[in-house]
Amino acid sequence: MDSNVSVITLPGERNFAVVYPRGILFGLNAAQSELQELISEATETASQPETEYEFVAEYAELSIIPTFDCTLACKYCYARGGEFKDVMPLDTALTAISSQREKGSKLKLSLVGGGEPLMYMDRVREIVRTAHEMYSEVDIGVVTNGTFSKDTLLWLAENNVRVRLSFDGVRHKYQRPFPDGSDSSELVIENLKEAVKIGLDPIVQCIITADGVGTMKDTVDLLVGLGVKTVKFEPALATDVSRATQEMEPDPKQYAEQLLDTIKYVAEKGYDIAIDTGYFSEPSTDYYCGMPTGNKILTPHGFITSCVEVSSCTDPYSSKIMVGKVGYDGVKFNEETQKFLSTLHYTNQKGCKSFIFWTTPCLTSSVSNNDLNTPMTESQKSSWKIRVSTDSEKDILTKRGGE
């Protein structure tokens, strides 16, 4: 076996991880012949030269953080939502939306946090209405905490909005309370049930903390009962700007073991639910991180950032991550910063800590550690791929969250 390829035995019967310099392959319940196939594939892939990556957008894209205000006070919030009450001026949003028209006649518009993007619906309705006037087609997505009103729920359905709803399953009441400390789970569950009922088919985004690392299967049981078809588990992450502490982060090995066990559990139960592998598998070219793909995220203050976790000009790394500003005379970009960020791709970066088997921080840490100019060494380059050996387990894995 190539010295650059190693095999790690995982918990369970004949579960393996085959690790090589730029990736990892998994075999669950794999026969010896299947394990040898994985080793051969890893050896061959490791010997191949890397290809240059070039991102080509199919349509104009813009993400908007409508407000830093929030209806919840989540224990680990990456943006400390609700601590600031800023709401984006309508003119700021419309100027940014208009500036993207040269990119194409279609717009992919995402409403993200920040805070809770659906908190000020009058502003959101006007933004979307104007976007429809400017573009022939508008594809709308939202990441919401699920505390919206029934009127908002109907608006989401009427506008064919792609919904990603944050719900922490059996740990929700401990991790995502209202600002007064009371339990938000009853309202979120009710809205989740209604969203499923009217055909929104929401993706549930579930954060796993150290205290909840063993609850994934229980959460799957709960979600199946609610009719949810896709769940995306993510480990809690402490950053320079988040509320999360290091103690909240699950142990990577335990997290990996539990997630693999949950995948097998879903297959054995025959559940009609998919597990999104966005933080577990090789990213697709238009997914994972806005920095290398040229994504533009508009903050309530009118700054354009390339990372949703760097949304204030006082945040660490903001001078390197923010690429533009909306002003009275339109949108101005720092072309040098844009050009440099657009050359970055996950195959050329240190492992992102959001990936459960990686131990180094996300790309933003490179701003501080390497000033985004120091080439990464071969050992720092990583991408991950998941492979399972049975059709029933393959069927429950999805990258739907990257749509």
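Residues in region 233-249 that are part of a loop (DSSP other than H, G, I, E, B) and of a type outside the set (Val, Ile, Thr) were compared, and the one that is nearest to Ser318 (Cα to Cα) is Asp240.
Among residues of region 86-99 being under 18 Å from Ser312 (Cα atoms) and of a type outside the set (A, V, I, L, M), the one that is surrounded by the most Cβ atoms within 10 Å (Cβ to Cβ) is Thr92.
Among the residues of region 242-257, those that are of a type outside the set (Asp, Glu) and closer than 29 Å to Asn29 by Cβ comprise Pro250, Pro252, Lys253, Gln254, Tyr255, Ala256. Among residues of region 320-339 that are closer than 15 Å to Thr299 by Cα and part of a helix (DSSP H, G or I), those with a Cβ under 7 angstrom from a residue that is of a type in the set (Val, Ile, Thr) and modelled with pLDDT under 85, sequence gap 6+ or separate chain, pair up as Ile321/Val310; Ile321/Thr364; Ile321/Val367.
Is at least one residue of region 116-126 over 30 Å from Gly181 (Cβ atoms) and either modelled with pLDDT of 90 or more or over 20 Å from the mean Cα position of the chain (by Cα) (or both)?
Yes, some residue in region 116-126 is over 30 Å from Gly181 (Cβ atoms) and either modelled with pLDDT of 90 or more or over 20 Å from the mean Cα position of the chain (by Cα) (or both).
Restricting attention to region 134-153 and to residues that are in a helix (DSSP H, G or I) and not hydrophobic (A, V, I, L, M, F, W, C), the residue that is surrounded by the most Cβ atoms within 10 Å (Cβ to Cβ) turns out to be Thr152. Every condition in (1) part of a helix (DSSP H, G or I); (2) under 21 Å from Val228 (Cβ atoms) holds for Arg129 except the one numbered (2). With respect to the numbered conditions (1) free of Cβ contacts under 8 Å to residues at least 60 places away in the same chain; (2) farther than 14 Å from Thr144 by Cβ; (3) surrounded by fewer than 18 Cβ atoms within 10 Å (Cβ to Cβ), which one is the sole condition not fulfilled by Leu223? Against the list (1) free of Cβ contacts under 8 Å to residues at least 60 places away in the same chain; (2) farther than 14 Å from Thr144 by Cβ; (3) surrounded by fewer than 18 Cβ atoms within 10 Å (Cβ to Cβ), Leu223 comes up short only on (3).
Would you call Tyr59 farther than 23 Å from Tyr135 by Cβ and either touching a helix residue (DSSP H, G or I) at 6+ places or on another chain (Cβ under 8 Å) or loosely packed, with under 15 Cβ neighbours inside 10 Å (or both)?
On the way: farther than 23 Å from Tyr135 by Cβ: no; either touching a helix residue (DSSP H, G or I) at 6+ places or on another chain (Cβ under 8 Å) or loosely packed, with under 15 Cβ neighbours inside 10 Å (or both): yes.
No, not satisfied.
When the residues of region 250-265 are filtered to those that are without any contact (Cβ under 8 Å) to a residue 60 or more places away in the chain and assigned to a helix (DSSP H, G or I), which remaining residue is farthest from the chain's Cα centre (by Cα)? Among them, the one singled out is Tyr265.
The condition of being touching a Leu at 6+ places or on another chain (Cβ under 8 Å) and at pLDDT below 85 does not hold for Asn29. Candidates in region 100-133 are the residues that are within 26 Å of His172 (Cβ to Cβ) and aliphatic (A, V, I, L, M); of these, the one that is surrounded by the most Cβ atoms within 10 Å (Cβ to Cβ) is Leu118. Here region 154-180 is the region considered, the condition is being assigned to a loop (DSSP other than H, G, I, E, B) and either under 20 Å from the mean Cα position of the chain (by Cα) or in contact (Cβ under 8 Å) with a residue 24 or more places away in the chain (or both), and the residue that is farthest from Tyr78 (Cα to Cα) is Asn159. Within region 238-248, identify whether any single residue is of a type in the set (Gly, Ala, Ser), surrounded by fewer than 21 Cβ atoms within 10 Å (Cβ to Cβ), in the same structural domain as Tyr78 (by TED's automatic domain parsing) and in contact with a Pro (Cβ under 9 Å, 6 or more places away or on another chain), and answer yes or no. Among the residues of region 238-248, not one is of a type in the set (Gly, Ala, Ser), surrounded by fewer than 21 Cβ atoms within 10 Å (Cβ to Cβ), in the same structural domain as Tyr78 (by TED's automatic domain parsing) and in contact with a Pro (Cβ under 9 Å, 6 or more places away or on another chain), which makes the answer no.
For Asp272, indicate whether it is modelled with pLDDT of 80 or more and in a helix (DSSP H, G or I). No. Of the numbered criteria (1) surrounded by fewer than 19 Cβ atoms within 10 Å (Cβ to Cβ); (2) at pLDDT 90 or above, the one Pro252 fails is (2).
Among the numbered conditions (1) over 24 Å from the mean Cα position of the chain (by Cα); (2) in a loop (DSSP other than H, G, I, E, B), the only one that Lys75 does not meet is (1). Among the residues of region 39-55, is any touching a Leu at 6+ places or on another chain (Cβ under 6 Å), crowded, with 22+ Cβ neighbours inside 10 Å and either at pLDDT 85 or above or assigned to a helix (DSSP H, G or I) (or both)? Yes, there is a match, as at least one residue in region 39-55 is touching a Leu at 6+ places or on another chain (Cβ under 6 Å), crowded, with 22+ Cβ neighbours inside 10 Å and either at pLDDT 85 or above or assigned to a helix (DSSP H, G or I) (or both).
Go over the candidates Val196, Val204 one by one and state the one that is modelled with pLDDT of 95 or more, crowded, with 21+ Cβ neighbours inside 10 Å, on the phi < 0 side of the Ramachandran plot and in the same structural domain as Arg171 (by TED's automatic domain parsing). Give the steps one after another, and end with the answer.
Values: Val196 fails: crowded, with 21+ Cβ neighbours inside 10 Å.
Criteria check complete, one pass: Val204.
The values are calculated or read from the model by the stated rules, or taken from the named source; none is laboratory data. Being a predicted model, the structure only gives us computed values, none of them experimental. Backbone-built Cβ (ideal geometry, glycine too); neighbour counts: all protein chains shown.
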